[in-house]
1. Could you pull out the pairs from Lys280/Lys463; Lys117/Lys163; Lys46/Lys338; Lys406/Lys455; Lys281/Lys489; Lys46/Lys117 whose alpha carbons sit more than 24 Å apart here?
2. How about Lys441: which aspartates and glutamates have a C-alpha closer than 18 Å to its C-alpha, ignoring those fewer than 8 places off in the same chain?
3. Output the peptides 448-460, 341-353 sorted from most to least packed, where packing is the average of other Cβ atoms within 10 Å over each peptide's residues.
4. Going by a ≥ b ≥ c, the root eigenvalues of the Cα gyration tensor, does region 206-248 fall in the rounded group (a/c under 1.5), the prolate group (a/b larger than b/c) or the oblate group?
5. When ranked by the protection proxy of mean other Cβ atoms within 10 Å per residue, highest first, what sequence do the peptides 276-282, 244-250, 179-185, 168-174 form?
6. Using a/c under 1.5 as the rounded threshold, could you call region 135-235 rounded, prolate or oblate? The axes a ≥ b ≥ c are square roots of the C-alpha gyration tensor eigenvalues, and prolate needs a/b larger than b/c, oblate otherwise.
7. So in region 293-404, what percent of DSSP beta bridges are antiparallel if you round to the nearest 5?
8. Residue farthest toward the positive end of the dipole of region 305-431, with Cβ of Lys/Arg at +1 and Asp/Glu at -1: which of Asn337, Leu390, Phe422?
Amino acid sequence: MIQITDKDIEGTTGTGDCLNLPTAGEYHVNGLSKINIVMGKNGCGKSTLLRNIEDSLQTGTEYIGRTRYITPERGGALIYEAGIEQNIVGNDNWLQGQRRRNQTINFRQQSVAQYRKLELLVLREIEKPKRSDTEYTFDAYIKEINTLLDNIEIRRHHQSSFKIFEKNTENELPPDRISSGESELISLGIECLIFSKELDESKHNLLLLDEPDVHLHPDLQVRLMQFLHKLVSASSFRVVVATHSTAILGAIESLSHTRIVFLTFGQKEIFFKSISAIYKKILPVFGAHPLSNVFNQAPLLLLEGEDDERIWQQVVRSANGRISLYPCSVDGLGDMNKFETEAITVMRSVYDNARAFSLRDMDLTSDEIQSMAPMVRMRLSCRAAENLMLTNESLQSMGLSWEDLKSRIEHWLQTNREHVHFGVMEKFKLGGFDRRTFDLKVIRNDLMGVMGSCKPWEIVVGKVIAKVEWDGTTTFDQEGTILAYLGEKVVKHLLPNKSDA
């Protein structure tokens, strides 16, 4: 059984008050904020976790008010059935028992009955003698539900609770004529609103939503999360959402008071984490791939900085579909390990057979870096991405040879002694023009000027990489080539094999 204690957790997002649900049994749940997302594959225990929480809180505690579990299998039609309303009114436990089943064939009929109850509760509030808010009407709740819908809207009706119309028309639609996604949004909107009106304001209240993304297009999933965020921000309850939708994953990074856990098989220690700067960077990447097979076709590529990101974005654009990657900058080598760790956590929790890559500069080390499945970790075989612009292929794309460039640098040094970067350029020459390992960062734009090009160096390098192919006969150690500077591991993992064409 879960025994509730109320603790504040220092440093959390939102208001700072997060709810812990420590257990003496199977699950230990910690760090619940306003919106809490449980991500994981089918069968990893998301539904079990939510039902376990509800089971343990059925009798109520000193700290917990109302809880409600919404099953992932929500069938039925948006019609009023008197018998269902009689069961709800006559037995306080009837609806809860129905909702805990894996499949509820008349879920939507129950939602319509809940709508009638919602209307009654709101009207009672309006009639309170001390209420001075003249704009508080039940129509405001109708409007909230209709914000979820693009093409249809519901309108109050005295006999059947509400009727459905094409938006901004008088064309009434029967419930069986609207899509399952539209029915789902109306039903979930009613369920969330009625829960918000039945709270114990003096305690914590928990709404447990199991896979609310079922039947919903990714755009509608995002809209539902925005609806939930607005609702919990104005009410004294928390929502726990179990899902494996990457559209929801991408949506939550912009929502405040949101925490997340990536659930794996057999995991019993559940700690919801705030949306860190790392999550804000990588979650939209995963959210852009609502189907895991699409994500696997364009795997994540973590890169040290924005320069590297621009290079590989150009690679993808110039390859005309031959190279599929999703470049993502981590804004500095110091954060690379953290980004890798979090990305691996997301992939293992959400995707089957996922793969991703990270690419570091070589800098001053040539040591091999070990991969961490499903993340392939790599280094360039030159000091940094800037050195790629001095490869034979990059120079050839600008009509130059390496000897031509050295001659131009000699001339530049003779005529630009007062230049702010003269010392660095001279050091490059005196060091023997070591184009592979010299730190070119300061003079990279000067070098592009020496070459006579007005193009950004990242564009030049990206276009050159996009043309690279390899096969079993390819030589990777020929000095000055793009193959040698990228390195065999990078080429073989990121660039196309001729034999696969």
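All of the numbers you see were taken from the coordinates with simple rules; none came from a lab. Quick caveat, the model's predicted, so the values are computed rather than measured. With ideal geometry, Cβ positions are generated from the backbone for all residues, glycine too; neighbour counts draw on all protein chains shown.
1. On the way: Lys280/Lys463 29 Å; Lys117/Lys163 16 Å; Lys46/Lys338 26 Å; Lys406/Lys455 20 Å; Lys281/Lys489 26 Å; Lys46/Lys117 30 Å.
The answer is Lys280/Lys463; Lys46/Lys338; Lys281/Lys489; Lys46/Lys117.
2. Leaving aside aspartates and glutamates fewer than 8 places away in the same chain, those within reach of Lys441 are Glu304, Glu306, Asp307, Asp308, Glu309, Asp331, Asp361, Asp363, Glu386, Glu426, Glu458.
3. Numbers: 448-460: 16.5, 341-353: 18.2.
Result, highest mean first: 341-353, 448-460.
4. Working: a/c = 2.81, a/b = 1.54, b/c = 1.83.
Verdict is oblate for region 206-248.
5. Working: 276-282: 16.3, 244-250: 23.9, 179-185: 19.6, 168-174: 10.6.
Most protected by this proxy first, the peptides run 244-250, 179-185, 276-282, 168-174.
6. Numbers: a/c = 2.03, a/b = 1.37, b/c = 1.49.
Judged from the Cα gyration tensor, region 135-235 comes out oblate (a/c at least 1.5, b/c at or above a/b).
7. Values: 1 of 13 bridges.
Looking only at bridges with both residues in region 293-404, the antiparallel portion is about 10 percent.
8. Positive-end residue among those listed: Leu390.
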